[in-house]
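Report on the structure given below.
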Amino acid sequence: MITNNRLLPLMALVALAIAAPAAQASVAQAASFDEKVDHAAAIILGKCVKTEARYDSTGRWIVTYATFAVEQSMKGDAAGQVIIATPGGSVNGIHQETIGVPVFNVGDEHVVFLRNTRVGLTPLYFDQGTYNVAAGDHGEKLIVPMPSNVIHIDTQRGMAVAPADEPKTLAVFKSAVSESMRTSGERMRMSAMSPSKAKPQESAWRTLAGNKWLIALAFVGIAIAAWQLLRRR
């Protein structure tokens, strides 16, 4: 039998196990490469040369504005410099952060899929539409998906999916963007011809709710494992 003084650390351990995923992860709908190309107002390769964080017009939320020197424009007519707005940042010792939103640092090079919003250009699908630029073995530029702690959900299949993108050389990445743009019109026509009675996509949160028993069993397993660990003491 577990005494009261052991129940307290057990419950604390279970609470931490339950709270940790909520604090360190989030859920978003997975976007395919073609979806990102179709919905992007612009796609740029550029280097971050300046960042500035300030409160929005309400005075409640911090927005960081990153200035990028555009090196190449793969879609749209962006040239010279563009300013990309992202939620979060630090102002006067106050820090705000949103899981899944990329953080741009001066000197970093990225490929960014952009969309227009009321605060200006922002990354389309946030971290899913942002890529790091790294050096390959032979000095060539590699376009690498940005690491994320967001759980991406395929709402059509109702399941979590791994990122579909893989590192590509800049030439291969640009070719993939061009090919996707070339076939964009056909995808739009096929989408317009799809039956209007098609089953609506479930939201990511609804997908998780549909698996609540599996989530509950996972938490029970955590509790049992913690109990067995404490019994050995």
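The residues of the range 153-183 that are surrounded by 15 or more Cβ atoms within 10 Å (Cβ to Cβ), modelled with pLDDT of 90 or more and more than 17 Å from residue 132 (Cα to Cα), listed by number, are 180, 181.
Put simply, of 57, 90 the only residue that is of a type in the set (Ser, Thr, Tyr) and either at pLDDT below 95 or surrounded by fewer than 12 Cβ atoms within 10 Å (Cβ to Cβ) (or both) is 57.
Answer yes if at least one residue in the range 101-116 is surrounded by fewer than 13 Cβ atoms within 10 Å (Cβ to Cβ), in a loop (DSSP other than H, G, I, E, B) and under 20 Å from the mean Cα position of the chain (by Cα), and no otherwise. Yes - at least one qualifying residue is present in the range 101-116. Residue pairs whose Cβ atoms lie under 6 Å apart, separated by 6 or more positions or on different chains, with the first residue in the range 24-38 and closer than 14 Å to residue 146 by Cβ and buried (at least 16 other Cβ atoms within 10 Å of the Cβ) and the second among the aromatic types (Phe, Trp, Tyr) and at pLDDT 80 or above, are 31/125; 36/113. Beta carbons closer than 7 Å, at least 6 apart along the sequence or on distinct chains, never pair a first residue in the range 55-68 that is touching a residue at least 60 places away in the same chain (Cβ under 8 Å) with a second that is buried (at least 18 other Cβ atoms within 10 Å of the Cβ) and of a type outside the set (Val, Ile, Thr). Taken over the range 101-118, the criterion of being under 23 Å from residue 34 (Cα atoms) and of a type in the set (Val, Ile, Thr) is satisfied by 101, 111, 112, 117.
The values are calculated or read from the model by the stated rules, or taken from the named source; none is laboratory data. Because the structure is a prediction, the values reported are computed rather than measured. Neighbour counts are summed over all protein chains in view; Cβ atoms, including those assigned to glycine, are modelled from backbone coordinates with ideal geometry.
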